[in-house]
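Participant: There's a structure below that I have some questions on.
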4 protein chains.
Amino acid sequence: MLRIAIVGGAGRMGQIMAECLGERPDMTVVALVDPNEPRDCFGAQHLTSVQELARELDAVVDFSTPDTVVATAAWCADHHVALVIGATGLSAQQRIAVEAAGEHVGVILAANFSIGAVLSERFAAMAAPYFERVEIVELHHDRKVDAPSGTAMASAERIRAARAAAGRVTPPEPTERFSLEGARGADAGDGVRIHSVRLPGLLAHQEVLLGSTGEGLTIRHDSYDRRSFVGGVALALEHATTHTGFHFGIDDLL
Amino acid sequence: MLRIAIVGGAGRMGQIMAECLGERPDMTVVALVDPNEPRDCFGAQHLTSVQELARELDAVVDFSTPDTVVATAAWCADHHVALVIGATGLSAQQRIAVEAAGEHVGVILAANFSIGAVLSERFAAMAAPYFERVEIVELHHDRKVDAPSGTAMASAERIRAARAAAGRVTPPEPTERFSLEGARGADAGDGVRIHSVRLPGLLAHQEVLLGSTGEGLTIRHDSYDRRSFVGGVALALEHATTHTGFHFGIDDLL
Amino acid sequence: MLRIAIVGGAGRMGQIMAECLGERPDMTVVALVDPNEPRDCFGAQHLTSVQELARELDAVVDFSTPDTVVATAAWCADHHVALVIGATGLSAQQRIAVEAAGEHVGVILAANFSIGAVLSERFAAMAAPYFERVEIVELHHDRKVDAPSGTAMASAERIRAARAAAGRVTPPEPTERFSLEGARGADAGDGVRIHSVRLPGLLAHQEVLLGSTGEGLTIRHDSYDRRSFVGGVALALEHATTHTGFHFGIDDLL
Amino acid sequence: MLRIAIVGGAGRMGQIMAECLGERPDMTVVALVDPNEPRDCFGAQHLTSVQELARELDAVVDFSTPDTVVATAAWCADHHVALVIGATGLSAQQRIAVEAAGEHVGVILAANFSIGAVLSERFAAMAAPYFERVEIVELHHDRKVDAPSGTAMASAERIRAARAAAGRVTPPEPTERFSLEGARGADAGDGVRIHSVRLPGLLAHQEVLLGSTGEGLTIRHDSYDRRSFVGGVALALEHATTHTGFHFGIDDLL
């Protein structure tokens, strides 16, 4: 039974982690660390700082802010407690501080803990060298202010790299007549086109479409809820508590 | 039992009509009219010109060229035989000649005889006033030289008109940051975006996606084979043999 | 500006209605009626019974229990206030009481206020007579205890009725060899097959697939959130405040 | 430039191979072997038996019948020519004879040369241990006489095996109330449900749907045309002409 503390435990992701990790048979959440009062403690103790944490912990999950993450990493290194970090936006210097903790304990930092998203990207990259053309359709709610999505950009880059490594070159675009500009989407390199759909109601969805003579392969990922991160965090916890060292992303753990 | 002749019977669509209309229990194909020898006559007689047609016909289906269509229309008007035309590219003058035949017999001219495509467009227009935003994703094989497809342009126009008639205005685009140009597709008016996917393997597919708070409606049409026109031609034949007058499109017959 | 009270305002749907109807420019929510304290009043007054309601109301929205609905209907009839009911499970007698209120004011009772769901069902029924076969795939989260879903059963019945009315008969099932029982789903009559997928992560989704030679039409509805009911309730409010009489369902209002 | 002969070259797959392999820049089809006259020779020589083949061949592709395949394998072993076999229905003894040829030359026997289908199955098996539940929806034209499809059965078995190997157990089915039998599809073991849709118009399509809390991953394969086998055959030819030994399937070559 892993004994876990959640830093940023009053935040949106922290609350989800407190609720969902606590429901797993192999984990118990003993403390929520946050300067703010959590809406729900889910049976754990509320502390305002990592300094107050007891030593009988197996791991810390941190979904707080970059500054706090650095303090958490130092504490974990000192007390030999594994660390899984979901906070984003670390500066280069903050990242170095976090990586340093990996010399003493298991530390995993990831931007995306969704196992489905990570596998989607991997499968797209694995399949890309075997198909003539690849396009991406990503669909999000209409409050999203950027296009294409960061995930689509990252997927396109992995697809492009996999094709380049295999010596696969996308033939030139045969489309010649455009009645409307923009119809063919954005070219993310090597002819990998990205199409961004924005509609109210939608959550976060992505399809990678691969086509060759006579057949098509589609890899679709649907994110319905942030609780989709729980599985990936649990996987990272298992790894960090059994392996010393710093690790970026959960792709290698799958 | 309708007795039918097919003009342009040696062409690709003519051969499909000869085979598939002939399989229907309520029709018999008695003649294929074409200057070229048909690959298969499917039990019908081969004639080289409409002038050779016997009078005991109920209807003519014409998938030939504009010039021939005008001659066919004149013959049908003279001999009181219904006419269904699938040939495209008629000039204004040729169209007038064809419409004139409708004063004597039933004449139906249509660009698209696919019942699924026609219903898709109708449903999209019916639903459009009730949703906040609408986008179209059309997917075709990579030999298609134009984008967006003509069908997508026509669908977008009907959607726009239906929304305008209902006083529905699409709110301004919230997307602000574009890492790549073209990601949001082509704006076909009133914020109806069209995204054109081109991949080998694909045939002809279109999705109209409608979104509102908490829900989405998708109307998808897949064209796998030109034989999908047979149902619409049969419907047009039923109508043309029972109603005098010129009719454009099969939408009103459904 | 419609002045609205929400009965059952402390319940899950009541809270959503209070929040979302209140955000519309043409409506203001003045009171939440519920024996329980609402988590949020969204600026409205909290009352414990309809008897306490002031007369200057335009309409009442009731998402409470059958017993309360009957009392609400009596109050609305007496005070000439329109009524929209989303509560389910009324007995025959309770339904009669509710319908009686329709002699004095506009009353709309509906099981499903999702405009997308209602249109999906309508389009499926409209298209069904024109296709050779129809199947339904409905996909829900894995906590759903019944299969097929009530919506799928209702859709199948409307499809069957539309085909019967058009004299369309589904040809006998050609499948002969079953390596596993149940693969072809449930037969809901006239060969309309229903397939129920149950997976964690999913919300509520339904696809009606219609097929004929060479083409397919798919009508898909995705429910992501109960806020999808707000549009339909607003539509019902518009109608009930302008038309006396009882109405079941919102289909006719679209 | 690989010099290739096609046994069964007058058959449907043989004709596709003759046309499509011949269009590749790295291959030339020099002979079609078939007792029947091929409809089109695509510039190759027509022979009636493998005995007539010249020695300057690099490889033989055999899409004929089991008996012929055995003779082809013997000839290839004797003349040191690589062999790729797409014929199905070999008896155990015929298979032994074919495998024996692999002691002398490269021999690849496969039931499915579609790269997309092979990758789909592999990805489904790779992802299966990470998700709570998995279901398969396979969709085929309505002339298919068996259900579920052989591909779906094979996919389900690989998914089951991958989950078992990872110690993943599917929780018991929560569905309790069935208004119609068969709605939940066929159980292919470990709760992997298969749903078989049969509609005219459809070709051959399969979706593997994987679900966990808050997210879903879908792997879809669409077969539009038998020419989808060409890529896999070309891959097998590359391998067989460079590696001695018998190989079943193309999965390991990807």
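Participant: I want the antiparallel fraction of DSSP beta bridges within the protein assembly as shown, as a percent rounded to 5.
Facilitator: 40 percent
Participant: Along the range B:142-155, what does the Karplus equation 6.51 cos²θ - 1.76 cosθ + 1.60 (θ = phi - 60°) give for ³J(HN,Hα), rounded to whole Hz, x for Gly and Pro?
Facilitator: The phi angles translate into 7, 8, 5, 9, 10, 8, x, 5, x, 4, 5, 4, 5, 4 Hz.
Participant: Please compute the modelled spin-label separation between D:PHE178 and A:HIS104, points set 7 Å along Cα→Cβ, answer in nm with one decimal.
Facilitator: If labels sit at A:HIS104 and D:PHE178, their model points lie 5.9 nm apart.
Participant: Starting from the Cα of C:ASN36, step 7 Å along the direction of its Cβ; do the same at A:CYS41; then give the gap between the two resulting points in nm.
Facilitator: With each label point 7 Å from Cα toward Cβ, the separation is 2.5 nm.
Participant: Taking each label point as 7 Å beyond Cα in the direction of the beta carbon, state the distances from B:THR88 to the same residue in the other copies, shortest first, in nm.
Facilitator: In nanometres, ordered from closest: 3.7, 4.4, 4.6.
Participant: Using alpha carbon centroids, what distance separates the range B:118-174 and the range D:198-231, in Å?
Facilitator: 26 Å
Participant: Name the chain A residue nearest the rotation axis between A and C, going by Cβ position, and give the distance in whole Å.
Facilitator: A:TYR224, 4
Participant: Would you please name the GluC sites (Glu not before Pro) within the range D:126-195 that are DSSP coil residues with at most 15 other C-beta atoms within 10 Å of their C-beta?
Facilitator: Of the GluC sites (Glu not before Pro), the ones in loops of the range D:126-195 whose Cβ has at most 15 other Cβ atoms within 10 Å are D:GLU176, D:GLU181.
Participant: Moving to a separate point now. Indicate, rounded to the nearest 5 percent, the antiparallel portion of the DSSP beta bridges found entirely in chain C.
Facilitator: 40 percent
Participant: Given H placed 1.01 Å from N in the peptide plane, which residues other than close sequence neighbours of D:GLN45 have an amide H under 5 Å from its amide H?
Facilitator: Those lying under 5 Å, H to H, from D:GLN45 are D:ALA31, D:LEU32.
Participant: Trypsin sites (Lys or Arg not before Pro) within the range C:1-95: which are DSSP loop residues with at most 14 other Cβ atoms inside 10 Å?
Facilitator: When the trypsin sites (Lys or Arg not before Pro) of the range C:1-95 are filtered for loop state and at most 14 Cβ neighbours within 10 Å, C:ARG39, C:ARG55 remain.
Participant: Which of D:LEU83, D:LEU203, D:LEU47 moves the most in a Gaussian network model of chain D with Cα springs under 10 Å?
Facilitator: In the Gaussian network model the winner is D:LEU203.
Participant: How far is B:VAL145 from itself in the other copies, in nm, if each label sits 7 Å out from Cα along the Cα-Cβ line, shortest first?
Facilitator: For B:VAL145, the other copies' label points sit at 4.4, 4.6, 6.3 nm, shortest first.
Participant: Using the Kirkwood radius built from alpha carbon pairs, what does the Stokes-Einstein equation give as D for the range C:115-223 at 10 °C and 1.306 mPa s, in µm² per second?
Facilitator: 111 µm²/s
Participant: Moving on to the next point. In whole Hz and in residue order, list the ³J(HN,Hα) couplings for the range D:80-87 that follow from phi through the Karplus curve 6.51 cos²θ - 1.76 cosθ + 1.60, θ = phi - 60°; x for Gly and Pro.
Facilitator: Working through the residues one at a time gives 6, 10, 5, 9, 10, 10, x, 5 Hz.
Participant: What residues from the range D:158-182 fall in the zone where the backbone N is under 19 Å from a label point 7 Å along the Cα-to-C-beta line of C:ASP146?
Facilitator: D:174-182
Participant: I want the local charge near C:GLY232. Using Cβ-Cβ distances under 12 Å, sum +1 for each Lys or Arg and -1 for each Asp or Glu among the other residues.
Facilitator: Taking every Cβ under 12 Å from that of C:GLY232, the sum is -1.
Participant: Over the range B:115-223, what is the mean sequence separation of C-alpha contacts under 8 Å (at least six apart), divided by residue count, expressed as relative contact order in percent?
Facilitator: Relative CO of the range B:115-223 lands at 42 percent.
Participant: May I ask you to evaluate 6.51 cos²θ - 1.76 cosθ + 1.60, the Karplus curve with θ = phi - 60°, for each residue of the range C:98-103 and list the ³J(HN,Hα) values in order in whole Hz, giving x for glycine and proline?
Facilitator: 5, 4, 4, 4, x, 6
Participant: While we're looking at this one, here's another question. Tell me which residues come under 5 Å, amide H to amide H, from B:ILE85 once H is placed; ignore anything under 5 positions away on its chain.
Facilitator: When sequence neighbours closer than 5 places are left aside, the close amide H contacts are B:ASP62, B:ILE108, B:LEU109, B:ALA110.
Participant: What does the charge count around C:ARG39 come to, taking other residues whose C-beta lies under 13 Å from its C-beta (Lys +1, Arg +1, Asp -1, Glu -1)?
Facilitator: The answer is -2.
Participant: Hey, got a sec? Which GluC sites (Glu not before Pro) in the range B:25-99 land in a DSSP loop and have at most 13 other Cβ atoms within 10 Å?
Facilitator: B:GLU56
Participant: Rounded to the nearest 0.05, what FRET efficiency do C:ALA111 and B:HIS243 give with R0 = 30 Å and r taken as the Cβ-Cβ distance? Could you check?
Facilitator: Here the calculated transfer efficiency is 0.15.
Participant: Amide H neighbours of B:TYR224 under 5 Å, counting only residues 5+ apart in sequence or on other chains, H built in-plane at 1.01 Å?
Facilitator: Under 5 Å from the amide H of B:TYR224: C:GLU215, C:GLY216.
Participant: What net charge do the residues around C:LEU254 carry, taking every other residue with its C-beta under 15 Å from that of C:LEU254, with Lys and Arg at +1 and Asp and Glu at -1?
Facilitator: 0
Participant: Shortest first and in nm with one decimal, please list how far the B:PRO171 label point sits from its counterparts in the other copies (point 7 Å along Cα→Cβ).
Facilitator: Sorted ascending, the copy-to-copy spacings read 3.6, 4.5, 5.0 nm.
Coordinate-derived values only; no laboratory data. Just so it is clear, the model here is predicted, and its values are computed rather than measured. Here the Cβ is made from the backbone with ideal geometry for all residues, glycine too, and neighbour counts use every protein chain on show.
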